[in-house]
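So the structure is just underneath, and the comments pick up after that.
The values are calculated or read from the model by the stated rules, or taken from the named source; none is laboratory data. Quick caveat, the model's predicted, so the values are computed rather than measured. Every residue, glycine among them, receives a Cβ derived from its backbone with ideal geometry; neighbour counts consider all protein chains shown.
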Amino acid sequence: MLLSSAAATWAMLGELSLFDLVAVGDYLVRVNRAGYGRPNAGVPAPTTVAEIQQVLALGRWEGMVRLRQALTLIREDSWSPRETATRLTLVLAGLPEPELNRDVFDESGRFLACLDLAFTDFKVAVEYQGELHAGSYAEDVERIERLRAEGWIVLQVTRTLARQPRALVERVAAALRERGWEDRRKSTHQATPR
């Protein structure tokens, strides 16, 4: 049976939206690195950004302009489509690129949390709280309180906030400005539509 490679399969999805292309790409190239509580450490990703670049160079794919744009936005440490969508909403609106799934420790070296999106220089964290977190509510509250005790601003994103990209962008931008980020965006901010 003939099968397509993961990179070629991604290249065939050019009709998807930019956000969906990046989410699929993030999943396909995710590096399963070692870290506190990380599952599948060392398991290789189905493909790499370099392999996707090679496949795109082979010819003209449907949606080639969008594929090329999406490729520049794919990252190796995104763990969910909602994290990807949150990151893209922020970055495409002109906010700095956050670190993804960043392990954070206190001054004594005690593990505090693995942050979905971390603006480490400003100690601002963005956590996507999906329905899957309902079963870990108490643990999530304690984790967030530990981070706040260590000086982090922790912003929580739910499906409701994710549906309001302007509010999401402004909430994160305000936290970053509070911590010294110089906002050089134009006065009217809009996230790129999905």
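Okay, here's what the table says:
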{"quantity": "Some residue of segment 25-40 being farther than 19 Å from LEU117 by Cβ and at pLDDT 95 or above", "calculated": "yes"}
{"quantity": "Residue in segment 97-104 that is closer than 26 Å to ALA45 by Cα and either among the basic types (Lys, Arg) or in contact with a Pro (Cβ under 9 Å, 6 or more places away or on another chain) (or both) present", "calculated": "yes"}
{"quantity": "Residue check for ARG68: in contact with a helix residue (DSSP H, G or I) (Cβ under 9 Å, 6 or more places away or on another chain), over 21 Å from ARG38 (Cα atoms) and not hydrophobic (A, V, I, L, M, F, W, C)", "calculated": "yes"}
{"quantity": "Test: residue in segment 83-102 that is part of a strand (DSSP E or B), surrounded by fewer than 19 Cβ atoms within 10 Å (Cβ to Cβ), in the same structural domain as TRP152 (by TED's automatic domain parsing) and without any contact (Cβ under 8 Å) to a residue 60 or more places away in the chain", "calculated": "yes"}
{"quantity": "Residues located in segment 54-67, provided they are in a helix (DSSP H, G or I), of a type in the set (A, V, I, L, M) and either at positive phi or out of contact with any Phe, Trp or Tyr (no Cβ under 7 Å at 6 or more places or on another chain) (or both)", "calculated": "VAL55, LEU56, ALA57, MET64, VAL65"}
{"quantity": "Boolean, GLU51 is at pLDDT below 95 and not hydrophobic (A, V, I, L, M, F, W, C)", "calculated": "no"}
{"quantity": "Test result for ALA70, under 25 Å from PRO98 (Cβ atoms), outside any helix (DSSP H, G or I) and hydrophobic (A, V, I, L, M, F, W, C)", "calculated": "no"}
{"quantity": "Condition broken by ARG38, with the remaining ones in (1) under 23 Å from THR86 (Cα atoms); (2) in contact with a helix residue (DSSP H, G or I) (Cβ under 9 Å, 6 or more places away or on another chain); (3) not polar (S, T, N, Q) satisfied", "calculated": "(2)"}
{"quantity": "GLU178 being modelled with pLDDT under 95 and either out of contact with any Pro (no Cβ under 9 Å at 6 or more places or on another chain) or under 20 Å from LEU92 (Cα atoms) (or both)", "calculated": "no"}
{"quantity": "Residue within segment 108-117 that is at pLDDT 95 or above, surrounded by 13 or more Cβ atoms within 10 Å (Cβ to Cβ), in contact with a Leu (Cβ under 9 Å, 6 or more places away or on another chain) and assigned to a loop (DSSP other than H, G, I, E, B) present", "calculated": "no"}
